[in-house]
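Chemist: Pasting a structure here, questions to come.
The values are calculated or read from the model by the stated rules, or taken from the named source; none is laboratory data. A quick note: this is a predicted structure, and the numbers were derived from the prediction, not measured. Here the Cβ positions follow ideal geometry from the backbone for every residue, glycine too, while neighbour counts run over all protein chains shown.
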């Protein structure tokens, strides 16, 4: 892959299935370097026969479809260039969409009511005088902050713009271009926001997620709540379905009412009596009866062995559809109300979305040669591919298939990962790549980071050391109070196993990683001089200053590494801190950071650069304006391209590829 191949990406979002099961509505978005935006529309994908997918909408960026129960309407979000997304509606038969909202800060998560007469959506509500389109931030009053949770990466400050639930009418005839937009009715209000709202089958209420309990400012718990849909006057506070004030230990992430209206499916992790026991906590599927006055959810998946994505929750024929991480894959599971589990999509698939309807299950999933496609699963047989969205990318001849690698760490523990080799016999300079999290996983999916490096002539080794998700809770908990220990041994064991291949050059090796991967990259350079160079990206580098600067600093490092508030704790944290050992580094290092990163704040990268530079270590700092923690995944297309070019320039300087011109490291 070349950096400019970003333009060939076609990325499907979560599908919505027509009630008759003949088609799925799928948003497909792609980066456009020419105007530096993500663009795309909704596609109709036939689920039967030999039909060809076709465009349903042609907006600048159309996403988040939901289909009415009668199959007539599709509601979705449309964003104009540089604009905020607003709720629109279009008929499934086609035609001109019409707009339903003009929310000042944009709308999200539109859902059509069961009777087809209303659309619920979420929107942030700014305090008067804040976030005006043409306003001057310097003219706003100061923010008076009294609690720990006041900002979030990718969003910004949140206390002065809580997210609330609204509903608007959807008239049977639609709206014309000259019609006045319908008046939205607020279903929630106040300082405590909601998210993830879904209609109950009766249409009289919605279920949602809210941190509405008394200790919400000092723990990670969230409740499932019920919100009345026919509010008159001032909305009533949401009613607790799970109740942290009554002792619930759940961090609820997603909710979905059962089709019979008797219960609610929950995706949640159990964070213990403290509300902060999050390390290695597996997201599980729960079911709670709506008629249960005590709100007693029943867990249906194994708390030690099954970890689910929080972004996939659907229902089909009375069973829940969920996505489970599994050794670099993400499988689609069907879970019945009694806890019986079946697997619908397995192998090396990396499921990202699912929906059910008309006797079929529709899935979006990536693979080693695809960034994502639409598959249909019917009553019997294997999943059937209905799109080939990465065909143009593969047609370049610049996509290489990873080879799985398994080995043993220094203590005999199994380690799993992959190697991607460039063309030619080698020996190739090799780069060890480390993921963030740490409780996340590299997957089998086509990975742009790896593909760009392989095209430039580098072999890439990457995997899931202890601390990662997808290998059970014990694997994930292994790093608590132990950053830089077994994880170090695991990644070095994986690298060592890969370097037994004579096609890889063990004398020319680099290391790179982002977020927690930036931590472990920096940590490795404090332990060894074996790497020719390093790239430390959006790194977690000083756990002490992280506590006061990160949006998750008030709990993340304290629970993973310990609290430096006393002499014993300070020594333990220093023993795991790259910054405490920066004087040992001799490895040339490129530091990459985003100026608006509030997850691993920019001061972490700036300080690492300065401490290296003033000690005479070769170092560079690359800062991206306007970007947050997700630069490599959802940053502006041009920034993503420029970042790739700088990465290749750095490696060409320190790990030159034989026979490749230094003037054109992209190949």
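Chemist: Please work out which residue is nearest to the chain's Cα centre (by Cα), limiting yourself to the stretch 568-586 and to residues that are surrounded by fewer than 21 Cβ atoms within 10 Å (Cβ to Cβ) and not in a helix (DSSP H, G or I).
Modeler: The qualifying residue nearest to the chain's Cα centre (by Cα) is 575.
Chemist: Find the residue count for the stretch 1-35, including only residues that are farther than 21 Å from residue 64 by Cα and assigned to a loop (DSSP other than H, G, I, E, B).
Modeler: Here the count works out to 5.
Chemist: Next question, about the same structure. Go through 416, 428 for me and flag whichever is in contact (Cβ under 8 Å) with a residue 60 or more places away in the chain and either closer than 26 Å to residue 472 by Cα or surrounded by fewer than 20 Cβ atoms within 10 Å (Cβ to Cβ) (or both).
Modeler: Working: 428 fails: either closer than 26 Å to residue 472 by Cα or surrounded by fewer than 20 Cβ atoms within 10 Å (Cβ to Cβ) (or both).
So the residue among 416, 428 that is in contact (Cβ under 8 Å) with a residue 60 or more places away in the chain and either closer than 26 Å to residue 472 by Cα or surrounded by fewer than 20 Cβ atoms within 10 Å (Cβ to Cβ) (or both) is 416.
Chemist: Being at pLDDT below 95 and within 14 Å of residue 21 (Cα to Cα) is the filter here, so list the residues in the stretch 48-73 that pass it.
Modeler: 48, 49, 51, listed by residue number.
Chemist: Could you check the stretch 250-272 and list, in sequence order, the residues that are out of contact with any strand residue (DSSP E or B) (no Cβ under 7 Å at 6 or more places or on another chain) and either more than 14 Å from residue 198 (Cβ to Cβ) or not in a loop (DSSP other than H, G, I, E, B) (or both)?
Modeler: Taking the stretch 250-272 first, the residues out of contact with any strand residue (DSSP E or B) (no Cβ under 7 Å at 6 or more places or on another chain) are 260-261, 272.
Scanning the stretch 250-272 gives 260, 272.
Chemist: Which residues, taken from the stretch 482-506, are more than 25 Å from residue 562 (Cα to Cα), outside any strand (DSSP E or B) and either at pLDDT below 95 or in contact with a strand residue (DSSP E or B) (Cβ under 7 Å, 6 or more places away or on another chain) (or both)?
Modeler: Across the stretch 482-506, the qualifying residues are 493, 494, 495, 497, 498, 499, 503.
Chemist: Among the residues of the stretch 570-581, is there at least one that is closer than 19 Å to residue 625 by Cβ, touching a strand residue (DSSP E or B) at 6+ places or on another chain (Cβ under 9 Å) and touching a residue at least 40 places away in the same chain (Cβ under 8 Å)?
Modeler: As a first pass, look at the stretch 570-581 and keep what is closer than 19 Å to residue 625 by Cβ: none.
No, there is no match, as no residue in the stretch 570-581 is closer than 19 Å to residue 625 by Cβ, touching a strand residue (DSSP E or B) at 6+ places or on another chain (Cβ under 9 Å) and touching a residue at least 40 places away in the same chain (Cβ under 8 Å).
Chemist: Here are the criteria: (1) buried (at least 24 other Cβ atoms within 10 Å of the Cβ); (2) touching a strand residue (DSSP E or B) at 6+ places or on another chain (Cβ under 6 Å); (3) assigned to a loop (DSSP other than H, G, I, E, B). Tell me which single one residue 436 does not satisfy.
Modeler: With respect to (1) buried (at least 24 other Cβ atoms within 10 Å of the Cβ); (2) touching a strand residue (DSSP E or B) at 6+ places or on another chain (Cβ under 6 Å); (3) assigned to a loop (DSSP other than H, G, I, E, B), residue 436 is out only on (1).
Chemist: Out of 229, 224, 186, 208, I need the residue that is more than 29 Å from residue 285 (Cα to Cα) and touching a strand residue (DSSP E or B) at 6+ places or on another chain (Cβ under 9 Å). Which one? Give the steps one after another, and end with the answer.
Modeler: On the way: 229 fails: more than 29 Å from residue 285 (Cα to Cα); 224 fails: more than 29 Å from residue 285 (Cα to Cα); 208 fails: more than 29 Å from residue 285 (Cα to Cα).
Going through 229, 224, 186, 208 in turn, the sole match is 186.
Chemist: Which members of the stretch 444-462 meet the condition of being touching a strand residue (DSSP E or B) at 6+ places or on another chain (Cβ under 7 Å) and in a loop (DSSP other than H, G, I, E, B)?
Modeler: Residues satisfying the conditions are 444, 445, 446, 457, 458.
Chemist: Follow-up. Could you check, for the stretch 507-514, whether at least one of its residues is under 22 Å from the mean Cα position of the chain (by Cα), buried (at least 18 other Cβ atoms within 10 Å of the Cβ), in a helix (DSSP H, G or I) and touching a residue at least 12 places away in the same chain (Cβ under 8 Å)?
Modeler: Taking the stretch 507-514 and keeping what is under 22 Å from the mean Cα position of the chain (by Cα), we get 512-514.
Now narrow it down to the ones that are buried (at least 18 other Cβ atoms within 10 Å of the Cβ): 512-514.
If we keep only those that are in a helix (DSSP H, G or I) too, we end up with none.
No, the stretch 507-514 contains no residue that is under 22 Å from the mean Cα position of the chain (by Cα), buried (at least 18 other Cβ atoms within 10 Å of the Cβ), in a helix (DSSP H, G or I) and touching a residue at least 12 places away in the same chain (Cβ under 8 Å).
Chemist: While we're on this one: If you go through the stretch 251-267 one residue at a time, how many are without any contact (Cβ under 8 Å) to a residue 60 or more places away in the chain, closer than 29 Å to residue 118 by Cβ and under 22 Å from the mean Cα position of the chain (by Cα)? Quick ask: steps written out before the conclusion?
Modeler: Of the residues in the stretch 251-267, the ones without any contact (Cβ under 8 Å) to a residue 60 or more places away in the chain are 251-255, 257, 259-260, 262, 264-267.
If we keep only those that are closer than 29 Å to residue 118 by Cβ too, we end up with 252-255, 257, 259-260, 262, 264-267.
Going one step further and asking which of them are under 22 Å from the mean Cα position of the chain (by Cα), we end up with 252-255, 265-267.
Number of matching residues: 7.
For (1) closer than 28 Å to residue 68 by Cβ; (2) assigned to a loop (DSSP other than H, G, I, E, B); (3) in contact (Cβ under 8 Å) with a residue 40 or more places away in the chain, each residue gets a yes or a no:
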residue	(1), (2), (3)
206	yes, no, yes
213	no, yes, no
217	no, yes, yes
220	no, yes, yes
225	yes, no, no
232	yes, yes, no
248	no, yes, yes
274	no, yes, yes
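Chemist: Only residues that are assigned to a strand (DSSP E or B) and either out of contact with any strand residue (DSSP E or B) (no Cβ under 9 Å at 6 or more places or on another chain) or buried (at least 24 other Cβ atoms within 10 Å of the Cβ) (or both): list them for the stretch 298-311, please.
Modeler: Those that are assigned to a strand (DSSP E or B) and either out of contact with any strand residue (DSSP E or B) (no Cβ under 9 Å at 6 or more places or on another chain) or buried (at least 24 other Cβ atoms within 10 Å of the Cβ) (or both): 307, 308.
Chemist: Taking the stretch 215-235 as the search range and keeping residues that are touching a helix residue (DSSP H, G or I) at 6+ places or on another chain (Cβ under 9 Å) and surrounded by fewer than 21 Cβ atoms within 10 Å (Cβ to Cβ), which one is nearest to residue 255 (Cα to Cα)?
Modeler: We begin by selecting, within the stretch 215-235, every residue touching a helix residue (DSSP H, G or I) at 6+ places or on another chain (Cβ under 9 Å); these are 215-216, 219, 221-223.
Keeping just the survivors that are surrounded by fewer than 21 Cβ atoms within 10 Å (Cβ to Cβ) gives 215-216.
Details: 215: 22, 216: 19 Å.
That would be 216.
Chemist: Quickly run through the stretch 194-204 and pick out the residues that are surrounded by fewer than 20 Cβ atoms within 10 Å (Cβ to Cβ) and part of a loop (DSSP other than H, G, I, E, B). Working first, answer last.
Modeler: Residues of the stretch 194-204 that are surrounded by fewer than 20 Cβ atoms within 10 Å (Cβ to Cβ), as a first pass: 195, 198, 200-204.
Once the filter is applied, which keeps residues that are surrounded by fewer than 20 Cβ atoms within 10 Å (Cβ to Cβ) and part of a loop (DSSP other than H, G, I, E, B), the stretch 194-204 yields 200, 201, 202, 203, 204.
Chemist: All but one of (1) buried (at least 21 other Cβ atoms within 10 Å of the Cβ); (2) without any contact (Cβ under 8 Å) to a residue 24 or more places away in the chain hold for residue 64; which doesn't?
Modeler: (2)
Chemist: Restricting to the stretch 315-333, name every residue that is closer than 13 Å to residue 351 by Cα and not in a loop (DSSP other than H, G, I, E, B).
Modeler: If the condition is that a residue be closer than 13 Å to residue 351 by Cα and not in a loop (DSSP other than H, G, I, E, B), then 321, 322, 323, 324, 325, 326, 329, 330, 331, 332, 333 are the ones that fit.
Chemist: With respect to residue 59, is the statement that it is out of contact with any helix residue (DSSP H, G or I) (no Cβ under 6 Å at 6 or more places or on another chain), in a loop (DSSP other than H, G, I, E, B), on the phi < 0 side of the Ramachandran plot and crowded, with 17+ Cβ neighbours inside 10 Å true?
Modeler: Values: out of contact with any helix residue (DSSP H, G or I) (no Cβ under 6 Å at 6 or more places or on another chain): yes; in a loop (DSSP other than H, G, I, E, B): yes; on the phi < 0 side of the Ramachandran plot: yes; crowded, with 17+ Cβ neighbours inside 10 Å: yes.
When the stated conditions are applied, residue 59 passes them.
Chemist: Could you check the stretch 87-104 and list, in sequence order, the residues that are assigned to a strand (DSSP E or B) and surrounded by fewer than 21 Cβ atoms within 10 Å (Cβ to Cβ)?
Modeler: If the condition is that a residue be assigned to a strand (DSSP E or B) and surrounded by fewer than 21 Cβ atoms within 10 Å (Cβ to Cβ), then 91, 98, 99 are the ones that fit.
Chemist: Can you find even one residue in the stretch 295-311 that is at pLDDT 95 or above and at positive phi? First the steps, then the outcome.
Modeler: Pass one, the stretch 295-311, residues at pLDDT 95 or above: 297-311.
Of the ones still in play, those that are also at positive phi are none.
The answer is no; no qualifying residue exists.
Chemist: Please state which of the following conditions residue 654 fails to meet, knowing it meets all the rest: (1) free of Cβ contacts under 8 Å to residues at least 24 places away in the same chain; (2) farther than 19 Å from residue 538 by Cα.
Modeler: Only one criterion is unmet by residue 654, namely (1).
Chemist: With a cut-off of at least 3 residues that are touching a helix residue (DSSP H, G or I) at 6+ places or on another chain (Cβ under 8 Å) and closer than 30 Å to residue 457 by Cα, name the strands (runs of 3 or more DSSP E) lying wholly within the stretch 339-429. Write out each step before concluding.
Modeler: Working: elements: 341-345, 350-357, 360-367, 370-377, 403-408, 414-420.
Answer list for the stretch 339-429: 403-408, 414-420.
Chemist: Ok, one more. Determine, yes or no, whether residue 565 is part of a loop (DSSP other than H, G, I, E, B) and at pLDDT below 95.
Modeler: Details: part of a loop (DSSP other than H, G, I, E, B): yes; at pLDDT below 95: yes.
In short, yes.
Chemist: So, one more: Are any residues in the stretch 587-608 in a helix (DSSP H, G or I) and surrounded by fewer than 21 Cβ atoms within 10 Å (Cβ to Cβ), and if so, which ones?
Modeler: Filtering the stretch 587-608 down to residues in a helix (DSSP H, G or I) leaves 602-608.
Across the stretch 587-608, the qualifying residues are 602, 603, 606, 607.
Chemist: Go through (1) touching a helix residue (DSSP H, G or I) at 6+ places or on another chain (Cβ under 8 Å); (2) in a helix (DSSP H, G or I); (3) crowded, with 22+ Cβ neighbours inside 10 Å and name the single condition residue 479 misses.
Modeler: The failed condition is (2).
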